[in-house]
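Trainee: A single structure is presented below for examination.
The values are calculated or read from the model by the stated rules, or taken from the named source; none is laboratory data. As the structure is a prediction and not an experimental result, all values here were calculated from the model. Glycine gets a Cβ as well: all are built from the backbone with ideal geometry, and neighbour counts include every protein chain shown. When the accessible area is computed, the model is the full protein with side chains, heavy atoms only, and any ligands, DNA or RNA have been set aside. Shrake-Rupley method; radii C 1.70, N 1.55, O 1.52, S 1.80 Å.
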Amino acid sequence: MKILVPVKRVIDYNVKVRVKSDNTGVETQNVKMSMNPFDEIAIEEAVRLKEAGKATEIIAVSVGPSQCQETLRTAMAIGADSGILIETDETVEPLNVAKLLKAVVDEQSPDIVIMGKQAIDDDSNQTGQMLSTLLGWGQATFASKVELEDGSAKVTRELDGGLETLSIKTPCIITTDLRLNEPRYASLPNIMKAKKKPMETKSPSDYGVEISNRLEILKVEEPAARAGGITVPDVDTLIDKLKNEAKVI
């Protein structure tokens, strides 16, 4: 069984994001970048399935600038067998990412695509669902548990009201939630081994996909500063302020 895992290079989740002075976006120069946390979970789950004998090969794929090679090497240090970089300096929206991933799936013929449910930079939560539609494959989103059986996957999903368990036939798309697993740290020996693993670099045109964005960012602003709280003398005053000033009740 072959597993494809898309990974994205984003601003590290520990970094405080700052808006550019001209309000055209967020500052990325001299900012620490790392793999999207949900994608780390996806790689970890694929590696665990391989260690359990359920999978034989893991391919990591990334769409973005040349620096995404570092992200792919990290994925290979965790346990992916090879990497594919679709190199472009343009901003790539979810639909175009899904089209590129479909082309990779058609080329590599994986049995399962495991991917993060969303990226922490744009929080779109769209690519997995779009890829499922383009391929005509079943999907199980927000997975907190994955069990592979003969020709199917049993996936427990996290919902607002609790948990839902689905059984879907392979090939399929699975998107990962935070509680699926705890990603391992890449050891130094594995980091060194990852440098020798194969990585292929391609362009969107190699897959016949034209990057045409449909959205335009008009302005990016910092959220408004939170006002300080006040102390009220009694419950009646609190209710009055919530009703007449805050207008929340």
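Trainee: I'd like to check something: does segment 2-22 contain any residue that is farther than 20 Å from residue 97 by Cα, among the basic types (Lys, Arg), open to solvent by 10 Å² or more (accessible area, probe 1.4 Å) and assigned to a strand (DSSP E or B)?
Mentor: So far as segment 2-22 goes, yes, one or more of its residues are farther than 20 Å from residue 97 by Cα, among the basic types (Lys, Arg), open to solvent by 10 Å² or more (accessible area, probe 1.4 Å) and assigned to a strand (DSSP E or B).
Trainee: Cβ-Cβ under 7 Å, sequence separation 6+ or interchain: first residue in segment 55-80 and farther than 19 Å from residue 111 by Cα, partner of a type in the set (Ser, Thr, Tyr) and open to solvent by 10 Å² or more (accessible area, probe 1.4 Å). Which pairs?
Mentor: If the second residue must be of a type in the set (Ser, Thr, Tyr) and open to solvent by 10 Å² or more (accessible area, probe 1.4 Å), the pairs left are 63/88; 64/88.
Trainee: Among the candidates 133, 127, which residue alone is hydroxyl-bearing (Ser, Thr, Tyr) and either in contact (Cβ under 8 Å) with a residue 60 or more places away in the chain or open to solvent by less than 20 Å² (accessible area, probe 1.4 Å) (or both)?
Mentor: 127
Trainee: Mind checking which residues of segment 84-99 are open to solvent by 30 Å² or more (accessible area, probe 1.4 Å) and assigned to a strand (DSSP E or B)?
Mentor: 87
Trainee: Going through segment 56-67 one residue at a time, which ones are of a type outside the set (Val, Ile, Thr), modelled with pLDDT of 95 or more and open to solvent by less than 10 Å² (accessible area, probe 1.4 Å)?
Mentor: If the condition is that a residue be of a type outside the set (Val, Ile, Thr), modelled with pLDDT of 95 or more and open to solvent by less than 10 Å² (accessible area, probe 1.4 Å), then 60, 62 are the ones that fit.
Trainee: While we're looking at this one, here's another question. From the list 42, 52, which residue is open to solvent by less than 10 Å² (accessible area, probe 1.4 Å) and out of contact with any Asp or Glu (no Cβ under 7 Å at 6 or more places or on another chain)?
Mentor: 42
Trainee: Determine the pairs where a residue that is under 23 Å from residue 92 (Cα atoms) and open to solvent by 100 Å² or more (accessible area, probe 1.4 Å), located within segment 212-239, has a partner that is of a type outside the set (S, T, N, Q) and assigned to a loop (DSSP other than H, G, I, E, B) with Cβ atoms under 7 Å apart, the partner being 6 or more residues away or on another chain.
Mentor: 214/93; 215/93; 217/25
Trainee: Scan 186, 143 and give me the residue that is over 27 Å from residue 31 (Cα atoms), surrounded by 15 or more Cβ atoms within 10 Å (Cβ to Cβ) and out of contact with any Phe, Trp or Tyr (no Cβ under 6 Å at 6 or more places or on another chain).
Mentor: That would be 143, the only listed residue that is over 27 Å from residue 31 (Cα atoms), surrounded by 15 or more Cβ atoms within 10 Å (Cβ to Cβ) and out of contact with any Phe, Trp or Tyr (no Cβ under 6 Å at 6 or more places or on another chain).
Trainee: From (1) farther than 22 Å from residue 130 by Cα; (2) under 16 Å from the mean Cα position of the chain (by Cα); (3) open to solvent by less than 40 Å² (accessible area, probe 1.4 Å), pick out the condition that doesn't hold for residue 74.
Mentor: Evaluating residue 74 over (1) farther than 22 Å from residue 130 by Cα; (2) under 16 Å from the mean Cα position of the chain (by Cα); (3) open to solvent by less than 40 Å² (accessible area, probe 1.4 Å) leaves (3) as the failure.
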